[in-house]
DNA sequence: GCCAACGTTGGC
DNA sequence: GCCAACGTTGGC
């Protein structure tokens with residue numbers, strides 16, 4: 001089973017917001033980057049594990065785990081002129097952007113801050129979160145996943 | 001709020 | 001198809 005990381009701005013939609021949704025599930029809309037779209041549409045499979053990362057906030061950090069809960073389908077917001085995610089260039093007969101339902105699983109025992117992850121840069125070589133700031137959907141290698149889970153189990157940051 | 005990184009657009 | 005200009009992301 002593959003593992004992924006999704007970014008979200010907690011002021012807009014946090015992991016706790018996801019946990020509070022009906023069925024703890026939300027259509028993950030608004031992805032408007034082609035590489036991210038390709039991961040979402042072609043790379044992911046239902047049941048895959050997803051780390052949720054909070055960006056553009058006081059403590060940028062991986063905060064919890066969710067699950068891919070649907071196949072990819074067209075993101076309706078691309079056709080809504082009132083939406084922030086409206087894309088007038090997307091053809092309804094051939095939609096440009098997709099989404100998947102994301103289902104809450106759990107919060108990590110503690111948030112795992114970006115700054116702490118950077119302290120493990122050697123072990124996390126190739127992890128797009130540290131190397132490609134703008135990607136909002138990215139794969140997580142199994143050895144990186146293991147380290148993240150291990151670090152998150154410690155009560156405090158340590159080296 | 002600043003600004004570096006970097007993806008996208010569009011003229012040629 | 002190149003590449004400069006532009007816009008956005010996101011840490012700090």
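Residue under question is residue A:40, and the condition is that it be under 20 Å from residue A:97 (Cα atoms), crowded, with 16+ Cβ neighbours inside 10 Å and touching a helix residue (DSSP H, G or I) at 6+ places or on another chain (Cβ under 9 Å); does it hold?
no
Are any of the residues in the range A:87-101 within 16 Å of DNA strand B (Cβ to nearest atom), in contact with a strand residue (DSSP E or B) (Cβ under 7 Å, 6 or more places away or on another chain), free of Cβ contacts under 8 Å to residues at least 40 places away in the same chain and farther than 15 Å from residue A:148 by Cα?
Yes - at least one qualifying residue is present in the range A:87-101.
Among the residues of the range A:3-45, write down those that are assigned to a loop (DSSP other than H, G, I, E, B) and without any contact (Cβ under 8 Å) to a residue 12 or more places away in the chain.
The one that is assigned to a loop (DSSP other than H, G, I, E, B) and without any contact (Cβ under 8 Å) to a residue 12 or more places away in the chain: A:12.
Could you say which residue among A:131, A:116, A:143 is more than 15 Å from DNA strand C (Cβ to nearest atom), surrounded by 10 or more Cβ atoms within 10 Å (Cβ to Cβ) and either without any contact (Cβ under 8 Å) to a residue 40 or more places away in the chain or over 27 Å from residue A:25 (Cβ atoms) (or both)?
When all the criteria are applied, what remains is A:143.
Quick check: is even one residue across the range A:59-73 touching a residue at least 60 places away in the same chain (Cβ under 8 Å), surrounded by fewer than 18 Cβ atoms within 10 Å (Cβ to Cβ), assigned to a loop (DSSP other than H, G, I, E, B) and touching a helix residue (DSSP H, G or I) at 6+ places or on another chain (Cβ under 9 Å)?
no
If you go through the range A:127-156 one residue at a time, how many are under 23 Å from residue A:38 (Cα atoms) and either within 12 Å of DNA strand B (Cβ to nearest atom) or not in a loop (DSSP other than H, G, I, E, B) (or both)?
16
Taken together, the values in this text are just the output of simple stated rules run on the coordinates, not laboratory data. Computed from a predicted structure; not experimentally measured. Every residue, glycine among them, receives a Cβ derived from its backbone with ideal geometry; neighbour counts consider all protein chains shown.
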